[in-house]
1. Out of Thr92, Thr83, I need the residue that is within 29 Å of the chain's Cα centre (by Cα), closer than 24 Å to Leu258 by Cα, buried (at least 18 other Cβ atoms within 10 Å of the Cβ) and at pLDDT 70 or above. Which one?
2. Given the criteria assigned by TED's automatic domain parsing to the domain that holds Pro279 and within 25 Å of the chain's Cα centre (by Cα), does Tyr194 qualify?
3. Mind listing whichever residues of segment 141-170 are assigned to a strand (DSSP E or B) and either assigned by TED's automatic domain parsing to the domain that holds Ser252 or within 18 Å of His244 (Cβ to Cβ) (or both)?
4. Take the conditions buried (at least 16 other Cβ atoms within 10 Å of the Cβ) and either within 20 Å of Lys153 (Cβ to Cβ) or free of Cβ contacts under 8 Å to residues at least 12 places away in the same chain (or both) and apply them to Arg243. Does it pass?
5. For segment 257-273, how many residues are closer than 21 Å to Asp226 by Cβ and part of a helix (DSSP H, G or I)?
6. Answer with yes or no whether Ala254 is at pLDDT 95 or above, under 25 Å from the mean Cα position of the chain (by Cα), outside any loop (DSSP other than H, G, I, E, B) and small (Gly, Ala, Ser).
7. Find all pairs meeting these conditions: Cβ atoms under 8 angstrom apart; at least six residues apart or on different chains; first residue within segment 261-278 and free of Cβ contacts under 8 Å to residues at least 12 places away in the same chain; second residue among the acidic types (Asp, Glu).
8. Of the residues that sit in segment 28-42 and are assigned to a helix (DSSP H, G or I) and of a type outside the set (D, E, K, R), which one is farthest from Ala67 (Cα to Cα)?
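The values are calculated or read from the model by the stated rules, or taken from the named source; none is laboratory data. Keep in mind it's a predicted model, so treat the numbers as computed, not measured. We place every Cβ from the backbone using ideal geometry, glycine too, and count neighbours over all the protein chains shown.
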Amino acid sequence: MTDQTYAYYPIFRATAELRRTEQTDALRLVHDAEILFKEWDERVHVRGHYSTVGFRPDADLMMWWVAGSADDVQQLVAAFRRTVLGRHLDQTWAFMGVHRPPEVAKDHQPAFMRGEGPKRYLNVYPFVRTKDWYLIPQADRAALLREHGEMGKYESVRVGYTARLDALQALVLSRKLPLLEGWNAERRNAADFYAEALEGKGDLRLPKPVDGATHVWHVYAIRTSDPISLAAFLAERGIATSRHYPQAPHLSRAFEHLGLSAGSFPVAEAVARETLSLPIFPGISGEQLEAVVGAVSEYFARG
């Protein structure tokens, strides 16, 4: 073990198959896991495992692992999931962090197995909410967090940030800042054009500014029953679109620990399902706006 000690607390819920297993058969399931833990004991020590039945409605078992290397923990997580027992446990969530020195030697049963937070015991890094975070190579995690926690476009696997501004970009943007008001005015003019020209087209629902507020129109997101079809039609005519955003946050993997499902927030889900963003940017020309409106009108005129 190194001077810096990491603790990992995976929290599991038994699969339906495991719940149906007789006790004698269930004991056989742990055999290869025990062998694995013994093989790894010098690198990752399994300090304890606790039943959370009666304490947490979302879990049946919590383990407590201690290691001198976060990479060792990652590797053991992957190995454990390949065991028979690991395949019969669904990891609902986990904590990992650096032990605070006074807590390293204590053989405690953490209070957060009852639903409390881990900060009393750990300097947490990070606060894990996704099942496969520790299978992501360390070098890739910062990039993932920097970009909305996305593993792929619109696929947020954990809560992330918008942290893409480096020093060079900041320098360029500081020079552009005096132009911002004029650019926002151009966006508003484009939005006004869309609002008038697209009114009553097909089943479109157009965005409306809030009374008393001045919108900067970072995006111009319309709603329609089949945004994918409309986007494809516009793409054939050289008009780019985007989706902001096609998945309601509570249905993403980043928030799966909340246990929400389709229908939990029907308005948010409808907006995500129907939204499509039309081109809007400072300097968009009248000819370009006319082209967008013409193509949208042609799409709905087909009937």
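1. Thr92
2. Considered against the rule, which asks whether it is assigned by TED's automatic domain parsing to the domain that holds Pro279 and within 25 Å of the chain's Cα centre (by Cα), Tyr194 comes out as no.
3. Glu147, Glu150, Gly152, Glu155, Ser156, Thr162 - these are the residues of segment 141-170 that are assigned to a strand (DSSP E or B) and either assigned by TED's automatic domain parsing to the domain that holds Ser252 or within 18 Å of His244 (Cβ to Cβ) (or both).
4. The answer is yes for Arg243.
5. The number of residues fulfilling the criteria is 8.
6. no
7. Ala262/Glu269; Gly263/Glu269
8. Residues of segment 28-42 that are assigned to a helix (DSSP H, G or I), as a first pass: 28-29, 31-39.
In the following step, the residues that additionally are of a type outside the set (D, E, K, R) were identified as 29, 31, 33, 35-37.
Working: Leu29: 25, His31: 22, Ala33: 17, Ile35: 18, Leu36: 15, Phe37: 12 Å.
Selected residue: Leu29.
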